[in-house]
Amino acid sequence: MYTIGLESMDNQKKAAGSSGPETDVELQTPVLRISQLDALELDSALEQLVWTQFSQCFQNCRPGLLTSLEPELRALLQLLLWRFTLYSSSATVGQSLLSLHYHSTLSSSPHYKPLSRRQKLGLALFTLCPSWLQERYHNLLLCLGLCSAGPVYVRISGLLQQGLRSCLTLVSSIAQLARLINFLVFLRKGCHPVLAERIVGAQAVFSKSRAVRDITYQYMNRELLWHGFAEFLIFLLPLINLDFEQNYLSLVHWTDYREAHRAYI
């Protein structure tokens, strides 16, 4: 019994020791840049698909019914997707398809640590708010009386109006420049393709310790095959005399019809 107990303790120590290095390898293995960009494209395609399906529910209603509320509805659908994907599993749909998930870089531990609730809320805030503000920029200016069409009792002095306009333009320019710089840093170092990820401290890592880092070309090969077949048909069709083939088929059909008619008589 004592020997069995020692063997079980040794097995537990080996298992504990083997789980640590695998997790370290998981974090130390860099994720391909193309995989991170593909995950973003898959997320964007999913959002567009959800919006298309949602808008088709109102296709029989009055035209332009959703136009006035489109930014808010898009933000609401993105918030629902965030709630049931990133908030619940620390990974978006595109990352789940590519065996990726978010790791919190704010932790000094070498092991994997999921995102905290504050980091997830920060990702949602920095992702949804800029796109919504960009689409509602003019309407917000109207509400604040910063446009010439605003109400008289809400308008402010021309100097303050010009100053606020300049501040908003400057903030928008700085945000665009920050996104550009962040993307250039991503191309150089291979992490944080989105500025929001760098701000909240979220980094994409492999969800499996032995994930394959090869790029699959099966879809590209399929596309190349179909394109080659289409080009072959485009080259072959002009060489075929369609009029001759049509006349020949009509003649054969007429001969068969005459023979069948004679046999019937």
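The values are calculated or read from the model by the stated rules, or taken from the named source; none is laboratory data. Predicted, not measured: the structure shown is a model, and the values here were computed from it. Note: ideal-geometry Cβ built from the backbone for every residue, glycine included; neighbour counts use all protein chains shown. Just so you know, the surface numbers come from the protein's heavy atoms only, side chains and all, with ligands and any DNA or RNA stripped out. Shrake-Rupley method; radii C 1.70, N 1.55, O 1.52, S 1.80 Å.
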Next item on the list: Among the residues of segment 99-113, count how many are open to solvent by 80 Å² or more (accessible area, probe 1.4 Å) and of a type in the set (Ser, Thr, Tyr).
Entry: 1
Check: Take the residues of segment 175-201 that are outside any loop (DSSP other than H, G, I, E, B) and farther than 18 Å from Thr127 by Cβ: which is most open to solvent (accessible area, probe 1.4 Å)?
Finding: Arg188
Next item on the list: State whether one or more residues within segment 67-81 are of a type in the set (Lys, Arg), under 20 Å from the mean Cα position of the chain (by Cα) and open to solvent by 30 Å² or more (accessible area, probe 1.4 Å).
Entry: yes
Checklist line | Unmet criterion (only one of (1) open to solvent by 60 Å² or more (accessible area, probe 1.4 Å); (2) in contact with a strand residue (DSSP E or B) (Cβ under 9 Å, 6 or more places away or on another chain)) for Ser116 | finding: (1)
Margin query: If Ser148 meets every condition in (1) in a loop (DSSP other than H, G, I, E, B); (2) surrounded by fewer than 17 Cβ atoms within 10 Å (Cβ to Cβ); (3) modelled with pLDDT of 75 or more apart from one, which number is that one?
Written below: (3)
Notebook entry, point to check: Does any residue in segment 187-208 that is more than 13 Å from Ser35 (Cβ to Cβ) come within less than 6 Å, Cβ to Cβ, of a residue that is part of a helix (DSSP H, G or I) and small (Gly, Ala, Ser) six or more places away or on a different chain, and which pairs are these?
Noted result: Leu195/Ala178; Val200/Gly122
Notebook entry, point to check: Among the residues of segment 202-217 satisfying the criterion of being open to solvent by less than 50 Å² (accessible area, probe 1.4 Å) and modelled with pLDDT under 75, which is farthest from the chain's Cα centre (by Cα)?
Noted result: Ser209
Item checked: Residue within segment 220-235 that is assigned to a loop (DSSP other than H, G, I, E, B) and at pLDDT below 90 present -> no
Check: When only residues in segment 236-245 that are at pLDDT 70 or above and in a helix (DSSP H, G or I) count, which is most open to solvent (accessible area, probe 1.4 Å)?
Finding: Leu239
